[in-house]
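*Asks:* I'd like to ask some things about the structure below.
Throughout, read-outs are computed from the coordinates displayed, never taken from laboratory work. Keep in mind that what you see is a predicted model, and the values were worked out from it rather than measured. Glycine also receives a Cβ, built like all others from the backbone with ideal geometry; neighbour counts cover every protein chain displayed.
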Amino acid sequence: MSDTPTQGTALNFRRYKDGDSQPHSWREKIFQASHTHKCPTYIQSTPPCQGSCPSGEDIRGWLAVTRGTEKPPAGVPWPEYAWRRLTQANPFPSVMGRVCPAPCEKGCNRNEVEDHVGINAVEHFLGEYAIANGLGFAAPAERSGKTVAVIGGGPAGLSCAYQLALKGHSVTIFDEHTQLGGMMRYGIPGFRTPRQVLDAEIQRILDLGVATRLGVRVGSDVTLEQIRAEFDAVFLGLGAQAGRVLPIPDSAGGGDAPNVVTATAFLKAFNDGRLQHVGKRVVVVGGGDTSIDVATVARRLGHIERSNPTDFDDVFGGRVAHDVAEVSAKQGCDVTLTSVFGVDKMQANRHEIEQAHAEGIAIRGGLVPVALLRGADGRATALRVARCEAKMVGPKLEIKLIEGSEEDIEADLIVSAIGQAVDFTGLEVFNAGRGAVDADRNYQVKGQPGVYAGGDVLRPHLLTTAIGHGAIAADGIDRFLAGEDPEKRPKIDVHAFDLKRKMVEKGLAFSEAAEPMRGTDRTNVAIHNFENRSDRYVIPHDELFLGHFSYTPRLQRHVTTLDRQSALGNFEERLDALNEQQAVAEAKRCMSCGMCFECDNCVVYCPQTAVFRVPKKEATLGRYVATDYNKCIGCHICRDVCPTGYIQMGLGE
């Protein structure tokens, strides 16, 4: 077969290898089928999108609702039902739909056809729908009477508070800032997470009855002993909002170079409204998504050409001067972003790198800072860098300098975006000695019964990782408050579709198991010939029949790409959500890996008519077809043509 697709189509699946000219016949397999002892069984597996999602969303589930495969309850609009399924794991779909780097999409099996499903884009649509329609969470009917203190109002703390409130516990969030959100508010600029969106998704959690004590730092304003005495359990969601300084002597703590700052300090000042201009030349050292944020903010701010003092500078501590700066003429600054890794190996999202390039930001890979150059006034004037070769050896970063390759990059401002650290002031008892908390798989702090932790305080990672930590910790806290032993977390820790619950919703009852009993085909104690392996098995693409799926391009959201001039002073959102029609079309590209999506292939192709549709009054998602084993001859064709890998050959093994 030729590798060249016909005009107007695109190649999506290779059934044959080069040199093959004849199709393979199933005739012999059918005629000899009675020799096998295996017959079809229905296996629910975890799709790799869910297996790759740190917050454990039931992605396949809410995509099934969006595409129309799974019907919502009577009277509930499908976008609302899909949103409610999504927010069982993640209460921030509108925020995450904008900023999550979507590891789920990197794991999507559809990549083997043409392109991944736009999971993040559909999530964005559902989040916007919920805000536009004023959707909220339903408070529990009963309260437990137990109290929990959540220290830190970032994504981990808010996620934990949300899940605990749904379980009926009274939750109070302590945060040293005046507003909740943590890194979602103070670490990500507003043109990536519009504040009205963030506020709306946080308010839903507070509406569950979650209390707050803002502007209060646990460890100084209130002691840990007071917290332990007042509350039944504690969750540590401190975050890692202390930036790491450049690993060169002249930059220690910023030293006497006031224009050398950390990325977290830079972004907090910007998001607080205290940063209005940055100078003509900015150097950002990093390579991750945070460094891209710093670089793009710096590019938009530019520098002030001329700003006259006002009469109120001394009274308002410079606040009015910043107000003047907002209407002063802005001239673009030159921004250089350096990384020890090559540009092709930088950790930042590829899309963000491309956007930064378009805005005129110079990105230079393979450079390591070695010295800081200062002027007579003590301010940094340049960053000396050297060419290097960097690689990860296990968890450690190894950097090899190239001798004689030093150069100086002139700068008015130097920003260190090389990582974050946890501020344990007043809470040193929780520092495991490596700048982080040590916790078990349930996220209970070792040696501290009733104290749990999550998010960057365990290890700095994605916002969605912190959300997942908060949910798992909430499960642990719930069991602790009930006096139960912590459960063993499954190997694949995700929110999985529950077929038995779906059948109960349909009105199908299950009875208790009692002896004597022979098989599940004649009783209703369990679901006959079905096994849920979602807790231990992620289904790979080679278990699917990819030939079922035609080439369908991914519907991408519109992104406003700014250039060097239009970026100046532009803090408007760049990313547009899909509309309803586009969201449905994109969801239909989901291959429903590991779950039946009612394509009828097995019914159509079964040569013995052994596979049949379950009667409508008994059918649910995941129980659309069944097998008559008096007719089945074990030919395996149903498995071969099952696009999702839901049908596996078993029985008798």
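*Asks:* So if R0 is 35 Å, what FRET efficiency would Glu398 and Val76 give, r being the distance between their Cβ atoms, rounded to the nearest 0.05?
*Replies:* The formula returns an efficiency of 0.05 here.
*Asks:* Using the 10 angstrom Cβ neighbour count as an exposure proxy, how do Val117, Val261, Val457 rank, fewest first?
*Replies:* Val261, Val117, Val457
*Asks:* With each label point set 7 Å from Cα along the Cα-Cβ vector, what nm distance links Gln203 and Arg613?
*Replies:* Placing both labels 7 Å along Cα→Cβ, they lie 4.6 nm apart.
*Asks:* Grab the Cα-Cα distance for Glu598 and Ala141, subtract it from 0.36 nm times how many residues apart they are, and report the gain in nm with one decimal.
*Replies:* Full extension from Glu598 to Ala141 adds 160.9 nm.
*Asks:* Quick one: what are the phi-derived ³J(HN,Hα) couplings along the range 367-381, Karplus 6.51/-1.76/1.60 with θ = phi - 60°, whole Hz, x for glycine and proline?
*Replies:* For the range 367-381, the Karplus curve yields 10, 10, x, 10, 7, 10, 9, 10, x, 5, 7, x, 7, 5, 10 Hz.
*Asks:* Still on this structure: Contour minus end-to-end for His528 and Glu428, with contour as 0.36 nm per residue of separation and end-to-end as the Cα-Cα distance?
*Replies:* 30.6 nm
*Asks:* Related question: If amide H atoms are built 1.01 Å from N in the plane of the peptide, which residues on other chains or at least 5 residues away come under 5 Å of the amide H of Val335?
*Replies:* For Val335, the qualifying residues are Val282, Ala362.
*Asks:* Place a point 7 Å from Cα of Ala132 in the direction of its Cβ. Which residues in the range 164-203 have their backbone N less than 17 Å from it?
*Replies:* In the range 164-203, the label zone of Ala132 (backbone N under 17 Å from the point 7 Å along Cα→Cβ) covers 194, 196-198, 200-201.
*Asks:* Would you work out if the range 128-235 is rounded, prolate or oblate? Take a ≥ b ≥ c from the square roots of the eigenvalues of the alpha-carbon gyration tensor; rounded if a/c is under 1.5, else prolate when a/b is larger than b/c, oblate otherwise. List each step's numbers first, then the result.
*Replies:* Working: a/c = 2.93, a/b = 1.23, b/c = 2.39.
The shape class here is oblate.
*Asks:* Additional query: Need one number: nm distance between label points at Ala211 and Asp640, each 7 Å from Cα along Cα→Cβ, rounded to one decimal.
*Replies:* So the two model labels end up 6.7 nm from each other.
*Asks:* Can I ask one more? Pop out the ³J(HN,Hα) list for the range 81-92 in order, Karplus 6.51 cos²θ - 1.76 cosθ + 1.60 with θ = phi - 60°, rounded to Hz; leave Gly and Pro as x.
*Replies:* Running phi through 6.51 cos²θ - 1.76 cosθ + 1.60 with θ = phi - 60° gives 5, 4, 5, 5, 5, 5, 7, 4, 10, 9, x, 10 Hz.
*Asks:* Between Lys446 and Asp272, what is 0.36 nm times their sequence separation minus the Cα-Cα distance? Round to one decimal in nm.
*Replies:* Length gained between Lys446 and Asp272: 59.1 nm.
*Asks:* Let me ask something additional. Using R₀ = 25 Å, calculate the FRET efficiency as 1/(1 + (r/R₀)^6) where r is the Cβ-Cβ separation of Glu573 and Asn111; round to 0.05.
*Replies:* 0.35
*Asks:* Cα convex hull of the range 573-653: mean projected area in nm², to one decimal? Intermediate results must be reported in sequence, preceding the final value.
*Replies:* Details: hull surface 32.0 nm².
Reported value for the Cα convex hull: 8.0 nm².
*Asks:* For labels at Ala358 and His541 in the simple 7 Å Cα→Cβ model, what's the distance in nm?
*Replies:* Roughly 2.6 nm, to one decimal.
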